[in-house]
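Enquirer: Structure provided below as structure tokens; questions to follow.
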Amino acid sequence: MWFYLSRRLVLAVAIIVTAVTLLFLMIHAVPGDPAAVLLGPRATPEMKAQLHEQMGLDKPLIMQIAAFFSGLLHGDLGFDVFSQRPVADIVFEQLPYTIELILVSIFWAVVTAVPLGCYSAMRRNSLVDQVAGFVTVATIAVPSFVMAVYALLIFAVTLRWLPAIGAGNGFWDGLIHLILPGFAIGVGWVGYISRLVRASMLEILGENHIRMARSFGISEWRIVARYALPLAILPTVTILGVGIAWLLSSAVFIEVVFARPGVGAMIVNAVNTRNYPIVMGIVLVTTFLIVAATTLSDLINAFLDPRIREKL
């Protein structure tokens with residue numbers, strides 16, 4: 001297990017270095033002078049040259065990348081070009097809003113989809129299974145930002161049941177403000193997870209150890225919960241770990257639609273204003289989250305399935 005963890009750590013570092021380097025190249029390939037965007041049309045050449053020097057843009061690209069990684073080794077992500085505040089402070093102020101949005105979306109999607117997938121597998125080809133299949137496939141086909149717009153128009157504007165924008169104040173108010181954006185992100189995952197659980201459950205319910213459990217007179221729900229679900233849930237855990245990247249990208253649109261704070265809305269503003277340090281800091285943190293989520297999903301799979309532990 002320790003050898004496996006060390007390999008994943010080396011891979012994580014390689015992924016982060018590659019992602020940051022590629023982002024550096026893509027940002028500098030974007031047309032336009034960031035100093036002109038930041039200072040406006042009345043900026044003098046002297047002002048632009050001073051800002052270039054302050055942001056390190058007057059140096060060769062390879063030296064800019066080396067300077068960023070050198071600062072990263074000392075825990076320095078740079079400074080915001082507008083407020084001159086440390087990038088790490090700004091990013092970690094907004095990151096909890098995005099994380100709580102993702103966690104709420106995953107939680108309600110899993111709590112809804114896993115029982116639905118199990119029931120559909122136990123009542124295969126029944127009316128409930130067919131209706132669930134139609135609804136879940138329909139939710140997969142609808143993008144999260146489209147779901148967000150319609151949820152906003154129906155539940156916030158027309159019915160006025162839920163708040164439309166912001167993150168709220170306090171625990172309960174914040175939880176209420178998470179309902180619509182969490183629904184918009186998680187509704188597609190209900191379809192993915194329920195279909196995946198159903199397919200895995202159908203395969204496992206036909207295995208020999210399940211037939212043996214039935215021969216002892218054990219109830220079907222206990223067989224599903226005790227013997228089938230821990231194995232059927234393994235592909236779902238893997239998909240959720242890999243899907244963190246998709247959830248983060250969805251959060252960008254959702255935070256803009258609902259005017260929520262978070263790294264999604266912040267990176268949009270940073271890209272529009274060519275605020276390189278903020279963009280680099282957000283990409284670095286989100287890349288770390290994606291790598292950590294995939295590693296955690298692998299460890300959970302190894303915990304649930306002894307066969308995986310034997311291969312490590």
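Enquirer: Please work out which one of (1) over 17 Å from the mean Cα position of the chain (by Cα); (2) in contact (Cβ under 8 Å) with a residue 40 or more places away in the chain; (3) not in a helix (DSSP H, G or I) is the condition Gly217 fails and give its number.
Expert: (2)
Enquirer: Return yes or no: is Ala199 open to solvent by 40 Å² or more (accessible area, probe 1.4 Å), under 29 Å from Ala132 (Cα atoms), at pLDDT 80 or above and not aromatic (Phe, Trp, Tyr)?
Expert: Considered against the rule, which asks whether it is open to solvent by 40 Å² or more (accessible area, probe 1.4 Å), under 29 Å from Ala132 (Cα atoms), at pLDDT 80 or above and not aromatic (Phe, Trp, Tyr), Ala199 comes out as yes.
Enquirer: Look at Leu11 and say whether it is open to solvent by 40 Å² or more (accessible area, probe 1.4 Å), under 19 Å from Asn272 (Cα atoms), at pLDDT 75 or above and not β-branched (Val, Ile, Thr).
Expert: Taking the combined requirement at face value, the residue does not satisfy it.
Enquirer: I'd like to verify a number: residues in the range 113-135 that are closer than 17 Å to Ile239 by Cβ and not aliphatic (A, V, I, L, M), how many?
Expert: Matching residues across the range 113-135 total 2.
Enquirer: Scan the range 76-89 and tell me whether some residue there is basic (Lys, Arg), modelled with pLDDT of 75 or more and more than 12 Å from Leu284 (Cβ to Cβ).
Expert: Among the residues of the range 76-89, at least one is basic (Lys, Arg), modelled with pLDDT of 75 or more and more than 12 Å from Leu284 (Cβ to Cβ), which makes the answer yes.
Enquirer: Quick check on the range 288-304. Is at least one of its residues in contact with a Pro (Cβ under 7 Å, 6 or more places away or on another chain), open to solvent by 20 Å² or more (accessible area, probe 1.4 Å) and closer than 30 Å to Gly71 by Cβ?
Expert: The answer is no, given that none of the residues of the range 288-304 is in contact with a Pro (Cβ under 7 Å, 6 or more places away or on another chain), open to solvent by 20 Å² or more (accessible area, probe 1.4 Å) and closer than 30 Å to Gly71 by Cβ.
Enquirer: Of the residues that sit in the range 225-261 and are closer than 30 Å to Ala121 by Cα and outside any helix (DSSP H, G or I), which one is most open to solvent (accessible area, probe 1.4 Å)?
Expert: The residue in question is Ile233.
Enquirer: Would you tally the residues in the range 55-90 being in contact with a strand residue (DSSP E or B) (Cβ under 9 Å, 6 or more places away or on another chain) and either part of a helix (DSSP H, G or I) or open to solvent by less than 60 Å² (accessible area, probe 1.4 Å) (or both)?
Expert: Residues in the range 55-90 being in contact with a strand residue (DSSP E or B) (Cβ under 9 Å, 6 or more places away or on another chain) and either part of a helix (DSSP H, G or I) or open to solvent by less than 60 Å² (accessible area, probe 1.4 Å) (or both): 5 in total.
Enquirer: Being within 21 Å of Phe145 (Cβ to Cβ), part of a helix (DSSP H, G or I) and not polar (S, T, N, Q) is the filter here, so list the residues in the range 262-278 that pass it.
Expert: Across the range 262-278, the qualifying residues are Val263, Gly264, Ala265, Met266, Ile267, Val268, Ala270, Val271.
The values are calculated or read from the model by the stated rules, or taken from the named source; none is laboratory data. All values reported here derive from a predicted model rather than from experimental measurement. With ideal geometry, Cβ positions are generated from the backbone for all residues, glycine too; neighbour counts draw on all protein chains shown. In case anyone asks, the SASA skips ligands and DNA or RNA and just uses the protein heavy atoms, side chains included. Shrake-Rupley method; radii C 1.70, N 1.55, O 1.52, S 1.80 Å.
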